[in-house]
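One structure is given here, and the rest of the page talks about it.
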Amino acid sequence: MDKSKRFFLKGAGALLAGMSAYQATRASEHSSPASQRKYALLHDENRCIGCDACTQACREVNQVPEGVSRLEIVRTGPHGEYPNQTYHFERQSCQHCENAPCVNVCPTGAAYKDPQTGIIKVDEWKCVGCLYCIAACPYKVRFIHPVTRAADKCDFCEQTRLSKGELPACVTSCPTQALVFGDLLDTQSGVYQLVRTQPVSRDKESLGTSPKLFKIRAAKGEVIL
Amino acid sequence: MNPFHFDGLVWHWPIAIYLFLAGMSAGAIFFAILLRYFCLGQDAWKSNFVRAACLIAPLAIWAGLGILVIDLTKPFDFWKILVFYNPLSVMSLGVMVLMVFQVFMFAWLALLFARPLTRLTASRMPFIGKFLAWLKPHEASITGLTMILSLSLGAYTGFLLSALPGYPLLNNPVLPVLFLMSGLSSGAAGALLLGVLMKGRPDSKEVKFIHKIEIPLILIELLVIFTFFAGLVLSGGAKLEAAGNALGQGFWGWIFWGGIIGLGLSLPLAMNLFMTASAQRRFSYVAFTASMSLLGVLLLRNFILYTGQMTML
């Protein structure tokens, strides 16, 4: 009995040491490749008129079926007293978090961050549809695509437009230029300049997700107690 | 608000049943090990309660995994979870624990039933006896690892939900402890219920042994539930709101106070204390108490899963 106890302790110790060594080597592997681009999007809520041209364009370009959506504009209001009434329009779409909960929880690695672009993508083939990412996303922007049965969401039009050198469909279709898309690592890009000089904010920053969807909040507000 | 359909609901009751079955499997093998080494000894395999636990452990985990696979949007692609791993994903780690758990559980079961198995297969399949004889020297390691893996599996069912940052009720460090405790007590209750149904004597020393552990287990469960919600209330903000939505008026409030605290914990605790104090244990007492415990655990899984998704950050 004593011998087998010793054997068990030795075995368990070796297993733990092996696991921690494996984790340590993985950790150093992870930190090394620096991404070449870090795409980000800025939504200026003061310019947005809530026309939904962006949501229509997104649906058409990415062939998003009815009933689900990659992009929504949420309208709140009216705020204020007649005749000075305003509406707020908030963009709801994938925030392309630097530290994405969906990527962390995905059991197969189907949800992943593209190291080249910083875009959070879905490998449709690897996805088994466990819904863990949909539950984990604090921004509630992921859904099951009715045709592929895989998780789906905004990918900044990576497949449909970025690969052809075009801007995302929502950015191009916006009649008031409320959306600015660009590379955060390029100090000359418009999005970099705006993020540096404007009072931008991001949703649920306290969760430590570091989202890359920046927002300039609507100037006219209302105090609700 | 409809208690089973609301905004933000991602995971439905099949997941709660899976969590219940995985916890029960872990608890059953845990109590089988306790019975074997601290109550019955070498002849443990003859006990109907040990046999019941040994039936529940594999059947519950397979049923649970079956439900999990059917609940995927692509059930036929389930094998990809077994091929591709993400060491950061609680679900992926859980799948690893589940696989290793099954290996060690079957090794332990084989050793438990080594004597009858060797006798039965002596003439036709002598290699089974040889294999069991080869396994025998490693019994202590196999038992230890099965124990650790069963506790890991029980806690994993809680970690799976507590890893979700957007739900303030679920994202709670006490949840794995709560699910582990209630999983263990569901394993004990399952073994008792199936044991007496398999004609195990309700007055046997196995029943007394399990009841003696169940009483402190229920008290710890009550303490952990209290800590769980006290933690939410004291955190304030969205966590306070989530606790209010869960425990307040409405369907799930009734389930919590009446079903979980009342029928699932207080009643079995009172019955266990009564049976410990009185001389005789009867079939109806043991079966009823165990059924109430199982009901309580099943309700707790559903309660946590649904109310957890009711409040979002």
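The values are calculated or read from the model by the stated rules, or taken from the named source; none is laboratory data. Everything quoted here is computed from the prediction, not taken from an experiment. Quick reminder, even Gly has a Cβ in these numbers, built from the backbone with ideal geometry, and neighbours come from all protein chains shown.
Worth pointing out:
- Of residues in region B:174-229 being within 30 Å of residue A:101 (Cβ to Cβ) and free of Cβ contacts under 8 Å to residues at least 24 places away in the same chain, the one surrounded by the fewest Cβ atoms within 10 Å (Cβ to Cβ): B:226
- Residue count for region A:70-118, restricted to those that are buried (at least 21 other Cβ atoms within 10 Å of the Cβ) and of a type outside the set (A, V, I, L, M, F, W, C): 9
- Residue count for region B:150-163, restricted to those that are surrounded by fewer than 24 Cβ atoms within 10 Å (Cβ to Cβ) and either within 11 Å of chain A (Cβ to nearest Cβ) or not hydroxyl-bearing (Ser, Thr, Tyr) (or both): 4
- Test: residue in region A:121-135 that is within 14 Å of another protein chain (Cβ to nearest Cβ), in a loop (DSSP other than H, G, I, E, B), small (Gly, Ala, Ser) and within 13 Å of residue A:150 (Cβ to Cβ): yes
- One residue stands out among those in region A:155-170 that are farther than 17 Å from residue A:69 by Cβ and in contact with a helix residue (DSSP H, G or I) (Cβ under 8 Å, 6 or more places away or on another chain): the one that is surrounded by the most Cβ atoms within 10 Å (Cβ to Cβ), which is A:161.
- Test: residue in region A:149-157 that is small (Gly, Ala, Ser) and within 13 Å of another protein chain (Cβ to nearest Cβ): yes
- Entry remark, region B:256-313: residues being exposed (fewer than 15 other Cβ atoms within 10 Å of the Cβ), touching a residue at least 12 places away in the same chain (Cβ under 8 Å) and polar (S, T, N, Q) number 2 in total.
- Residue satisfying all of: in region B:81-96; of a type outside the set (A, V, I, L, M, F, W, C) and buried (at least 19 other Cβ atoms within 10 Å of the Cβ); farthest from the other protein chains (Cβ to nearest Cβ) among these: B:94
- Where a residue in region A:186-198 is farther than 12 Å from residue A:42 by Cα and its partner, wherever it lies, is among the aromatic types (Phe, Trp, Tyr) and surrounded by 18 or more Cβ atoms within 10 Å (Cβ to Cβ), with Cβ under 8 Å and at least six apart: A:186/A:192
- Positions within region B:80-113 being touching a Lys or Arg at 6+ places or on another chain (Cβ under 8 Å), aliphatic (A, V, I, L, M) and without any contact (Cβ under 8 Å) to a residue 40 or more places away in the chain, in sequence order: B:111
- From the list A:47, A:6, A:59, the one residue that fits, being among the charged types (D, E, K, R), modelled with pLDDT of 75 or more and either on the phi > 0 side of the Ramachandran plot or not in a helix (DSSP H, G or I) (or both), is A:47.
- Selection of region B:30-73 for residues being touching a Cys at 6+ places or on another chain (Cβ under 7 Å) and within 14 Å of chain A (Cβ to nearest Cβ) yields only B:72.
- Checked against the criterion of being farther than 25 Å from residue A:105 by Cβ, in contact with a Phe, Trp or Tyr (Cβ under 9 Å, 6 or more places away or on another chain) and assigned to a loop (DSSP other than H, G, I, E, B), the candidates A:185, A:194 yield just one match: A:185.
- Conditions (1) modelled with pLDDT of 95 or more; (2) more than 9 Å from chain A (Cβ to nearest Cβ); (3) closer than 23 Å to residue A:11 by Cβ; number of the one not met by residue B:145: (2)
- Which numbered condition residue A:163 fails, given (1) in a helix (DSSP H, G or I); (2) in contact (Cβ under 8 Å) with a residue 24 or more places away in the chain; (3) more than 10 Å from chain B (Cβ to nearest Cβ): (2)
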